[in-house]
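Okay, so here's the structure we're looking at.
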Amino acid sequence: MTNYNLGMEWAGIKKQSDPLLVSVILLILGIGLVTLYSASYAYAQRAFNDSNYFIRRQLMFVIPGLLLFIVASRINLELIRKFIKPLVLGTLFLCILPLIPGIGIVKNGASRWINLGQFSFQPSELAKIVLPLYLAHMFDKKQENLYESSKTTLPLTIMVFAFFLVVYLQNNFSTASFLFINAMAIFFLAGVRFRYFITLAIVSAPFIAIMILTKEHRLSRLINFIKPEWDPLGAGYQVRASIITIMSGGFWGKGIGQGQRKIASVPEIHSDFIFSSFAEELGFIGVTLFFILIAFLMVRSYRIALQGDTVFVRLLLFGITTMLISQIILNVAVVAGVVPATGVPLPFFSAGGSSLAMMLGAAGLLVNGSRRIVKMEAANV
């Protein structure tokens, strides 16, 4: 008899999940919260007359985020598949809501958030989880028709472009592109033929160029990346200030809470550029520890994905792992000036309750995968 508790089957797994994976995730979360407080208190005091403004709002999302982490780590993934269509359509609808006046919140020319009174919700963060869930489900379901484009790749491509379009219309090109690229990684892992990607690249290239060239801020970011001296005190200031902040940390760092450049030097240092504050205060040693933790998370998660018991589980865990790791790498690369500036936050670190809760949910799915491996190993004993 299938046991559903409050709509959930607790995966039928009595063994514990991967303790090292859970420990590393919680350790990264803890480091992220400490870094956020240190990076944000000066700006919070100046802007809101409350040094705890950002960390308090972040902590309000920690409890629901951890609850989501626990649920995602224990829920039967097959149960989610039963509701995948309303889930993906509901998420797409939520992504449209920020575009409606009176419902959406406009900040810096972008309509990315739904107004929830004292709080706001960014539905594109939910899409980072739901889209991989949907694609993994559909590719598993249509394995026999994988090479029939009209039955598999075409409808899935249309869904991916639908998400890309609504998120792009929020003036959130970076997240829209991130969703698209992560989706294409799942297409590749599912075994879609290489010529599909070549055709897609040829068709998409002119549209991507238009999207970049027709928006002044995107074009200026690209120009400043290619030619940093073009506008060092304008569009290029944030990245240049971030690089100086990282370098100022030296080998040992200035100490937690002792960083100086967060006071006024780096815009958005509590958000997308928070890694520069982390590097200033913890130095080369801290940055090395950070990458060791991320490398462990990546290797452990991909190992779990490889051992998935179904195509759906393998594709889902590969997609979630790729989403998490690539977002971390992309954020750090932007902060270090390696790639043009984007608006992608650093998971578990950047201020933003929607991102924190959704990333904890994504991490919970990885833990869920580790529990399935334990179950299989127990069954084979």
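No value in this document is a laboratory result; all are computed from the given coordinates. Here the structure is a predicted model, which means the values were calculated and not measured. Backbone-built Cβ (ideal geometry, glycine too); neighbour counts: all protein chains shown.
Structural remarks
- Region 355-373 and region 63-101 have Cα centres lying 13 Å from one another.
- Length gained on full extension, Val62 to Ile202: 46.1 nm, using 0.36 nm per residue less the C-alpha separation.
- Shape call, region 19-371: gyration tensor on alpha carbons, a/c limit 1.5: prolate
- For region 19-371: lysine pairs under 23 Å (alpha-carbon distance), excluding those fewer than 8 apart on one chain: 17
- Within a Gaussian network of the chain (alpha carbon springs, distance under 10 Å), most fluctuating of Thr288, Thr157, Thr245: Thr288
- Stretchable slack from Lys227 to Ile158, in nm (0.36 nm times residue separation minus alpha-carbon distance): 21.2 nm
- Under Karplus coefficients 6.51, -1.76 and 1.60, residue-wise ³J(HN,Hα) of region 121-137 in Hz, glycine/proline x: 10, 9, x, 5, 5, 5, 4, 5, 9, 5, 5, x, 4, 5, 5, 4, 4
- Between Phe291 and Ile181, the FRET efficiency estimated from the beta carbon spacing at R0 = 22 angstrom works out to 0.50.
- Qualifying chymotrypsin sites (Phe, Trp or Tyr not before Pro) in region 128-162, DSSP loop, other Cβ atoms within 10 Å at most 15: Tyr147
- Net lengthening on full extension, Val71/Leu116 (0.36 nm per residue, minus Cα-Cα): 13.9 nm
- Trp113 long-range amide H proximity, modeled H, under 5 Å: Ile105
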